[in-house]
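Student: Structure incoming, see below.
The values are calculated or read from the model by the stated rules, or taken from the named source; none is laboratory data. In this text the structure is predicted, and so the values were computed from the model without any measurement. Glycine gets a Cβ as well: all are built from the backbone with ideal geometry, and neighbour counts include every protein chain shown. Areas reflect the complete protein model, heavy atoms only, side chains present, ligands, DNA and RNA absent. Shrake-Rupley method; radii C 1.70, N 1.55, O 1.52, S 1.80 Å.
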Amino acid sequence: SKQWYQRRVRVSGDHTYVYSHNLLLLHENVKDEERQVVRKKLMASQRLNETRGVKKACAGVNPYTRQYTCCVLTPSSFLLYLWQPDRVRFECIKSLPAPGPDYNPPLFENIIRSDEPYPSICVAVYQGEGRLILENVNMNGSSVWAGQQHTSAPLPVNTLTQIEGDTVLLGFNNQAMFVNREGIQKQSVRTRSSLTYSVPISSVVCLEGGVLGFHKSGMEGRSLQTGRVEAEVRDDTKVFRLLSSARMIILESRVAAETTNSSNLYVLTSRLNE
């Protein structure tokens, strides 16, 4: 089933819950009685009731099993939800105790392996000796996760994207870096394993042949072959924010001097996920 294509997971509410939204039903103007029945059966939104007080959440599709999962951190637990196509809803299938009610990791992103049915969650990245250390919570296990002891602060990673099986793209400070799941920098004779941007970046997106680095005043795209700037948008009178990079890139811009909620949206298509 490809029902997950139509869904988005969002954290919202006064007491913060995770909600799963069917985008088509949210925007559809249902008129006839037959489709009203379908709408009622499927429901436009589902609240995941066990997620009250959620601190972090991430969702994604396992490319090996095609299962759609949602991982959630609450004050007491790491929760794993699995999309059930026949019931058209997420169901909680696993819970692991969290370290404590004050625990709030800097990251919360999926890492998927072909030999494991469910994702691990990367909660922090540290500088190690000759490599980076990706601290993961393995949702395939059954033991209590206690975390690791580190003598240094985690890196200020703002982007962690698994590009393919053993390649992970990280963005932090003014760098984009490709590492494997063990944190060792990838090596290639044809492409660069790291790129340095002229300004600190807030997020990065990998395209065919290059990586876009987004910052407050625009975007800087650098070639994976040469490291040089091949695309650039910079406007200090506006504030830019990357809203989505799943299947298409959606960029928001606002006039920096205005306090209104009006904004413009730009859509950039990518062949990365085709």
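Student: Measuring from label point to label point, each 7 Å out along Cα→Cβ, what is the GLN225 to GLN127 span in nm?
Tutor: Distance between the two pseudo-spin positions: 3.3 nm.
Student: Taking amide H positions as placed 1.01 Å from N in the peptide plane, with prolines and chain starts having none, which residues 5 or more places from GLU232, or on another chain, fall under 5 Å of its amide H?
Tutor: Result for GLU232 returns GLY221.
Student: If each residue of separation counts as 0.36 nm, what is the full-extension length gain between GLU208 and ARG52 once their alpha-carbon separation is subtracted? Each step should come with its number before you reach the end.
Tutor: Numbers: separation 156, 0.36 × 156 = 56.16 nm, distance 3.96 nm.
That pair, GLU208 and ARG52, stretches by 52.2 nm at full extension.
Student: Hey, another quick one. State, to one decimal in nm, how far the label point of GLN149 lies from the label point of HIS15, with both points 7 Å from Cα in the Cβ direction.
Tutor: 3.8
Student: Binning every alpha carbon pair distance of the stretch 128-198 at 5 Å from zero, what are the percents per bin?
Tutor: Pair shares across the bins are 3, 13, 22, 25, 18, 11, 4, 2, 1.
Student: Could you work out what % of the accessible surface of the stretch 99-255 is carbon and sulfur, using a 1.4 angstrom probe and leaving DNA, RNA and ligands out of the count?
Tutor: So the carbon and sulfur contribution to the accessible surface is 47 percent.
Student: Using the C-alpha gyration tensor of the stretch 150-231, what are the square roots of 5 times its eigenvalues, in whole angstrom, with the largest one first? Provide the component values of the computation, followed by the final result.
Tutor: Numbers: eigenvalues 73, 59, 21 Å².
Semi-axes, largest first: 19, 17, 10 Å.
Student: Apply 1/(1 + (r/R0)^6) to the Cβ-Cβ distance of ARG87 and SER142, taking R0 = 22 Å, and write down the FRET efficiency to the nearest 0.05. Numbers along the way, then the final one.
Tutor: Details: r = 25 Å, r/R0 = 1.12.
The computed FRET efficiency comes out at 0.35.
Student: Past 30 Å, Cα to Cα, is the threshold; run LYS186/LYS238; LYS94/LYS216; LYS186/LYS216 against it and keep the listed order.
Tutor: LYS186/LYS238; LYS94/LYS216
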